[in-house]
Every structure is written in C-alpha cells, then in structure tokens.
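Read the structure below first, then the notes.
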Amino acid sequence: MYPLIRNRRLRSSEAIRSLVRETIISPSDFLVPLFVVEGKAIKEEIPSMPNYYRLSLDHLTKEVKELWKMGLRSVLLFVKVPDNLKDNSGSEALNENGLMQLAIKTVKNACPEMLVMTDVALDPYSSYGHDGIVADGQILNDDSVEVLAEMSVSHAKAGADFVAPSDMMDGRILSIREALEDEGYLNTGIMAYSAKYASAFYGPFRDALDSAPVAIKNVPKDKKTYQMDFANRFEAIRETQMDIEEGADIVMVKPGLCYLDIVREIRNEVDVPVAVYQVSGEYAMVKAAAEKGWLDHDAVMIEQLTAIKRAGANIIASYFAKDAVKLLG
Ligand SMILES: NCc1[nH]cc(CCC(=O)O)c1CC(=O)O
Ligand SMILES: [Mg+2]
C-alpha cells in the first residue's frame with residue numbers, strides 16, 4: 001500500500017543531507033575577477049556592481065593578500081584604461097609599463113604564489129569599445145589576432161601564469177600559443193573564452209571599465225559579429241573543440257546561469273578543465289533584488305554557485321567569490 005522506497009529518508013536531517021550531498025563548493029573552485037585603475041589610494045565602488053570596486057595598485061596589493069588569507073588562490077585581472085590612451089588598435093595594451101603589466105607584477109610581488117590570469121582583448125584599450133580593430137565597417141579578425149598574440153606575450157613577460165583571451169576572434173588560440181612558444185613562454189597557459197555569447201548580461205562590466213561599444217558609422221553597436229548567438233548550442237561545442245585543438249589548456253563558457261545546458265554538454269564532450277564565468281549582470285541582479293528585500297542574498301548566491309558547479313564547472317569565475325567563501329567559513 002505504502003512505498004518501501006522513501007527518498008525523503010535521505011533528506012530528514014542536515015547530517016544526512018550533508019552526508020549524501022553531491023556537489024560542494026570550496027575556495028579552490030574560484031577565480032576572482034579584479035578591476036584595476038590608474039592612480040593611488042583609489043577604491044571606487046562600481047555603481048551597477050554594489051560592493052565591487054575598481055582598485056589602484058596599492059589597494060590591489062591589499063586585496064590579493066586578503067584573498068590569499070581567505071584561501072582564494074587565483075585572480076583574473078582587468079584594467080580600466082583612461083580615454084587618452086585608447087586608440088583603434090589597442091597599442092597601449094603592448095606597453096611594457098602599462099597598467100596590466102604593472103598589475104601583474106604588483107600581484108606577484110604581494111603574493112608570489114597567487115595564480116595570475118589576464119584578460120586578453122582589445123576592448124578596454126579600444127576607442128571604439130570593440131574587442132578587435134575596426135576598419136571598413138568590420139571588426140578585423142586576422143589583424144586583431146596579431147595584436148592579441150603580442151599582448152599575450154607581453155602579459156607572459158610581466159609574469160602572468162595564464163592568459164585568458166575573451167575576444168572570440170577566429171584562430172587566436174593557435175596564434176597566441178605559437179607566439180608564446182616562440183618567445184619561450186612554454187609554461188604560460190591559455191584559458192580560452194571558447195563559448196562566449198553576445199549577452200546583455202555584460203552591461204555592468206562595461207560600466208566598470210567604461211568599455212561599451214560606441215556608435216560608429218556602418219558598424220553595429222554590439223558584438224554580435226564575433227560573440228556567439230545565444231540561440232545556438234552546436235556552435236558552442238564546435239568553438240570549444242577548435243580552441244582545444246588550437247592549444248587551449250582550459251575552456252570557458254560565459255555567461256553562467258542562462259547557459260548551464262551548454263556547460264553540461266561541454267563538460268560531457270571534452271576532457272580539459274571547464275571554467276564558467278558568472279558575469280557582472282548575474283551579480284547585479286542578485287544584489288539589486290536583495291537590496292529591495294525581494295531575495296535572500298546569501299541563499300540565492302549559494303544556490304546559483306552550486307548549480308554552476310553541478311552543471312559541470314571545474315572553475316568558477318565569480319564576483320561572489322569572497323562573499324561565498326566568507327559564508328562557507
Ligand atoms: N572582452 C572583454 C570582456 N571580458 C569579460 C567580459 C564580461 C564580464 C562580465 O560581464 O562580468 C567582457 C565584456 C564583453 O565582452 O563585452
Ligand atoms: Mg573560436
């Protein structure tokens with residue numbers, strides 16, 4: 001009459017629930033994105049990313065020491081470049097004493113064992129806010145790839161452990177890998193943003209870096225000619241497989257939450273570590289709803305991060321890394 005198999009037995013107390021729990025997030029899952037600005041003693045909150053900051057190099061030193069103490073071991077660096085240093089080809093990106101290069105050295109000085117990954121794309125350096133060079137109404141592929149390869153070598157030279165190309169140009173992983181090998185950076189890894197979608201969830205990030213695409217004649221004010229159409233699934237697998245063939249050590253799916261079907265599929269398909277980027281808009285939504293008292297911030301945060309890991313993420317890039325680690329104790 002009654003069921004002999006009662007699944008609720010395994011849910012009846014926190015002790016049994018924790019004993020049978022399949023997915024547990026820990027500090028070693030996280031990659032912490034950090035925004036760096038020029039100047040001294042600057043720690044400015046990003047308006048659309050409550051409790052997240054742009055840091056000058058002195059604050060960057062403090063921040064990475066704090067992260068290390070908390071058990072966070074990897075950072076992903078982004079820089080906010082002043083307008084007067086921006087141009088169409090991102091030439092400032094190659095400056096040996098540029099902000100990114102100094103930021104890499106600053107982190108390594110503060111915390112030599114911290115794993116340093118760097119964003120490789122032209123957008124923060126581009127007067128047009130595009131990830132590549134703009135000409136004739138297009139974002140040029142091959143010319144952009146040349147700059148991205150040089151940029152990667154420059155980051156490796158400054159001490160980056162991994163470069164993370166986020167641009168979605170075709171063939172850039174192979175060119176970057178070859179350039180790193182040619183220059184002797186055999187141990188510098190590549191984390192490829194492989195399935196990166198043209199997403200409206202990047203809005204707050206573009207506020208943080210002042211890097212949104214600007215209106216130019218004959219050029220779309222979006223990134224849909226290089227980032228993926230969010231309607232597509234097979235294309236994500238193809239992009240990811242190609243990046244692995246070209247030499248990517250780690251592949252990434254981005255954004256996170258709306259793309260967990262893609263994460264699972266890619267995790268089942270490939271045999272390299274898979275990273276997921278829970279992006280700025282995902283962070284902003286939780287913060288905003290929590291501020292209004294409409295959602296329980298901590299509960300929603302842990303649920304989302306656990307779901308990302310359950311979907312197959314081996315690495316989670318997240319603005320919640322510190323909040324989550326604090327909560328986990
Ligand atoms: N190529 C730059 C880059 N690297 C990471 C993000 C977004 C990250 C986020 O929203 O948190 C972007 C923005 C974009 O592609 O426009
Ligand atoms: Mg590709």
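The values are calculated or read from the model by the stated rules, or taken from the named source; none is laboratory data. All values derive from a computational prediction rather than experimental measurement. Glycine gets a Cβ as well: all are built from the backbone with ideal geometry, and neighbour counts include every protein chain shown.
The test for being more than 13 Å from ligand 2 (Cβ to nearest atom), surrounded by fewer than 18 Cβ atoms within 10 Å (Cβ to Cβ), under 19 Å from the mean Cα position of the chain (by Cα) and at pLDDT 95 or above holds for residue 230.
For residue 291, the conditions (1) of a type in the set (Asp, Glu); (2) buried (at least 17 other Cβ atoms within 10 Å of the Cβ); (3) farther than 20 Å from residue 202 by Cβ are fulfilled apart from (2). Helices (runs of 4 or more DSSP H) fully within the range 89-200 that include at least 1 residues being more than 16 Å from ligand 2 (Cβ to nearest atom), of a type in the set (Gly, Ala, Ser) and within 20 Å of the chain's Cα centre (by Cα): 99-110, 142-158.
No other residue among 153, 163 is more than 13 Å from ligand 1 (Cβ to nearest atom) and aliphatic (A, V, I, L, M) apart from 153. With respect to being of a type in the set (Val, Ile, Thr), in contact (Cβ under 8 Å) with a residue 40 or more places away in the chain, out of contact with any Phe, Trp or Tyr (no Cβ under 9 Å at 6 or more places or on another chain) and surrounded by fewer than 19 Cβ atoms within 10 Å (Cβ to Cβ), residue 240 falls outside the description. The lone criterion from (1) away from ligand 1 (no atom under 16 Å from the Cβ); (2) in contact with an Asp or Glu (Cβ under 8 Å, 6 or more places away or on another chain) left unmet by residue 117 is number (1). State all residues of the range 53-72 that are touching a helix residue (DSSP H, G or I) at 6+ places or on another chain (Cβ under 8 Å) and within 20 Å of residue 82 (Cβ to Cβ); if no residue qualifies, say none. Passing the criteria: 53, 54, 55, 57, 60.
Of the numbered conditions (1) among the hydrophobic types (A, V, I, L, M, F, W, C); (2) surrounded by fewer than 23 Cβ atoms within 10 Å (Cβ to Cβ); (3) free of Cβ contacts under 8 Å to residues at least 60 places away in the same chain; (4) within 17 Å of residue 167 (Cα to Cα), residue 122 fails exactly one; give the number of that condition. If we test residue 122 against (1) among the hydrophobic types (A, V, I, L, M, F, W, C); (2) surrounded by fewer than 23 Cβ atoms within 10 Å (Cβ to Cβ); (3) free of Cβ contacts under 8 Å to residues at least 60 places away in the same chain; (4) within 17 Å of residue 167 (Cα to Cα), just (2) comes out false. Just wondering, is there one or more residues in the range 254-262 that are out of contact with any strand residue (DSSP E or B) (no Cβ under 9 Å at 6 or more places or on another chain) and exposed (fewer than 15 other Cβ atoms within 10 Å of the Cβ)? Checked the range 254-262: at least one residue is out of contact with any strand residue (DSSP E or B) (no Cβ under 9 Å at 6 or more places or on another chain) and exposed (fewer than 15 other Cβ atoms within 10 Å of the Cβ).
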